[in-house]
Amino acid sequence: MDQTAREAPSKSLAILVLSGELEKGLAACNLALAGAASGGRVTLFFSFWGLNLLKRRKATIRGPLLTRVLGRLNRDNVDHQTLGRFNMWGLGRRALIRVMRRKGMASFHESLTAAHELGVRIIACSTTIELMGLDRGALIAEVDEIAGAMTFLGESESGRSLCIS
Amino acid sequence: MDQTAREAPSKSLAILVLSGELEKGLAACNLALAGAASGGRVTLFFSFWGLNLLKRRKATIRGPLLTRVLGRLNRDNVDHQTLGRFNMWGLGRRALIRVMRRKGMASFHESLTAAHELGVRIIACSTTIELMGLDRGALIAEVDEIAGAMTFLGESESGRSLCIS
Amino acid sequence: MDQTAREAPSKSLAILVLSGELEKGLAACNLALAGAASGGRVTLFFSFWGLNLLKRRKATIRGPLLTRVLGRLNRDNVDHQTLGRFNMWGLGRRALIRVMRRKGMASFHESLTAAHELGVRIIACSTTIELMGLDRGALIAEVDEIAGAMTFLGESESGRSLCIS
């Protein structure tokens, strides 16, 4: 990985995911998969609502009452996301997922796992984790690292960067 | 890497448009126009809701019932977009358009056409087209190519990339 | 990664902020602060709804009735932003701010001021200022420049660019 990055620095790709919406998650995974397939170092950095995409289905939230109340509301996770438009209380979301399945397209969780298996680094934002009262155990196993904005900028240093928000 | 990229590598600009909202479309066009005016290679890649910005006013949607029902809901197109904030059932959108016209600013469709005439490449995402049950005939004439994420990454390889989502 | 960052001076970072939502503003500031801390030239360019983040609490809006009516609606400013999700008429926003304060995290305005003091350039989009009927006096003192898309592209020419939208 590091070797490749040093040999072809322009190929690396660092994606900052600030949104937890289904379509944004799918776009991030598709770009990561395309980047990994073309042989470059790829990093997905999930922050703020984007962190929901790395949360286990039943994530434990620790901290004062207010943090736990917010956590109750914000319950999207790696297996369940809201659609940014036409969600219609889950109807639009389910319709999209059904259309995708019929066409043989992978779900978000499947795409993320595939990306991880292809060597895409998955990083969870440390500030967001603290803010949301989560810990490592609340996140899926595919998370490679918990780090801050500095790490994202470091990853973007030698190549391309995108922010999906 | 092709000839053009080797001659002016730092100047190319690849913009991924994931949103179909009016203000996002306008921002994408303004950046593309500025990029083209400064002489660099510019690519606009429209994916997911962003594809709406390339749809003709009366686009035919093919496929099973569910796809056609979703297409009925998602009827924004090159001449009609929703505003991301203060749309207020079209009132905010129309107010913004009126203010822009008074100030002599171009509409989204006009800006996109101008960008195309200045040499900006307009690419429609192939996956989204399949997902939405569209075909080439449903898209405006200015579309130069139908391609996937790999093509967008290729365009961003030798220069700057932005994602407007 | 750290090695590379120490060897060569950090590349420049240009961030385009198209959204005025609280979480997007915080993300922009965090990235800018991290970029400035690593020694690179950093520019924050605020356009469209993002310009709200540079508006004084009591900004005067000039122009015809329609512009002033829109300005009345769009009253978010440097000290008051809406949360993109779970705003719940300000309840979610206030809860987030309280949790952040308890954890000793800086507010948006404090972060922006800190970024400015560290040398981050703060640019307001000239087109948006005209569109919204604002002038220099309506913006906070930290604004270094009023400029167009061309200036943003120029800043992104020699380094990384991100769009937070």
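The values are calculated or read from the model by the stated rules, or taken from the named source; none is laboratory data. Here the structure is a predicted model, which means the values were calculated and not measured. Neighbour counts run over all protein chains shown; Cβ positions are idealised from the backbone, glycine included. Please note that ligands, DNA and RNA were not included when accessible areas were found on the heavy atoms of the full protein model with its side chains. Shrake-Rupley method; radii C 1.70, N 1.55, O 1.52, S 1.80 Å.
Quick notes on this one:
- Taking (1) out of contact with any His (no Cβ under 7 Å at 6 or more places or on another chain); (2) open to solvent by 40 Å² or more (accessible area, probe 1.4 Å) in turn, residue C:79 satisfies each apart from (1).
- Conditions (1) within 17 Å of residue A:20 (Cβ to Cβ); (2) within 11 Å of chain C (Cβ to nearest Cβ); (3) crowded, with 21+ Cβ neighbours inside 10 Å; number of the one not met by residue A:43: (1)
- Among residues of the stretch C:134-146, those that are of a type in the set (Gly, Ala, Ser) and open to solvent by 10 Å² or more (accessible area, probe 1.4 Å), counted: 2
Yes/no matrix, rows are residues, columns are (1) touching a Ser or Thr at 6+ places or on another chain (Cβ under 7 Å); (2) of a type in the set (Gly, Ala, Ser):
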{"position": "A:18", "(1), (2)": "yes, no"}
{"position": "A:28", "(1), (2)": "no, yes"}
{"position": "A:53", "(1), (2)": "no, no"}
{"position": "A:61", "(1), (2)": "yes, no"}
{"position": "A:66", "(1), (2)": "no, no"}
{"position": "A:70", "(1), (2)": "no, no"}
{"position": "A:77", "(1), (2)": "no, no"}
{"position": "A:89", "(1), (2)": "no, no"}
{"position": "A:98", "(1), (2)": "no, no"}
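- Residue B:33 within 11 Å of another protein chain (Cβ to nearest Cβ), crowded, with 20+ Cβ neighbours inside 10 Å and farther than 20 Å from residue A:84 by Cα: yes
- From the options C:11, C:24, C:55, residue that is among the charged types (D, E, K, R), buried (at least 21 other Cβ atoms within 10 Å of the Cβ) and at the interface with another protein chain (Cβ under 9 Å from one of its Cβ atoms): C:24
- Among the residues of the stretch B:88-107, some residue qualifies, meaning at least one is within 14 Å of chain C (Cβ to nearest Cβ) and under 14 Å from the mean Cα position of the chain (by Cα).
- The set of residues from the stretch C:38-79 being polar (S, T, N, Q) and part of a loop (DSSP other than H, G, I, E, B) comprises C:38, C:47, C:60, C:74.
- The residue that is farthest from the other protein chains (Cβ to nearest Cβ), counting only those in the stretch C:116-148 that are within 18 Å of residue C:60 (Cβ to Cβ) and among the β-branched types (Val, Ile, Thr), is C:140.
- Checking B:76, B:144 one by one, the residue that is acidic (Asp, Glu) and touching a Gly at 6+ places or on another chain (Cβ under 7 Å) is B:76 and no other.
- Restricting attention to the stretch C:89-138, the residues that are under 30 Å from residue A:70 (Cα atoms) and β-branched (Val, Ile, Thr) add up to 3.
- Lone qualifier among C:67, C:60 - being polar (S, T, N, Q), in contact (Cβ under 8 Å) with a residue 60 or more places away in the chain, open to solvent by less than 20 Å² (accessible area, probe 1.4 Å) and away from chain A (no Cβ under 14 Å): C:67
- All conditions in (1) within 25 Å of residue C:143 (Cβ to Cβ); (2) open to solvent by 50 Å² or more (accessible area, probe 1.4 Å) hold for residue C:100, with the sole exception of (2).
- All positions within the stretch C:119-141 that are assigned to a loop (DSSP other than H, G, I, E, B) and in contact with a Gly (Cβ under 7 Å, 6 or more places away or on another chain): C:132, C:133
- Residue count for the stretch C:56-87 satisfying the condition of being within 15 Å of the chain's Cα centre (by Cα) and polar (S, T, N, Q): 3.
- The set of residues from the stretch C:9-35 being under 19 Å from residue C:153 (Cα atoms) and in a helix (DSSP H, G or I) comprises C:28, C:31, C:32, C:35.
- Matching entry among B:151, B:82, B:113 (being assigned to a helix (DSSP H, G or I), at pLDDT 95 or above and within 14 Å of chain A (Cβ to nearest Cβ)): B:151
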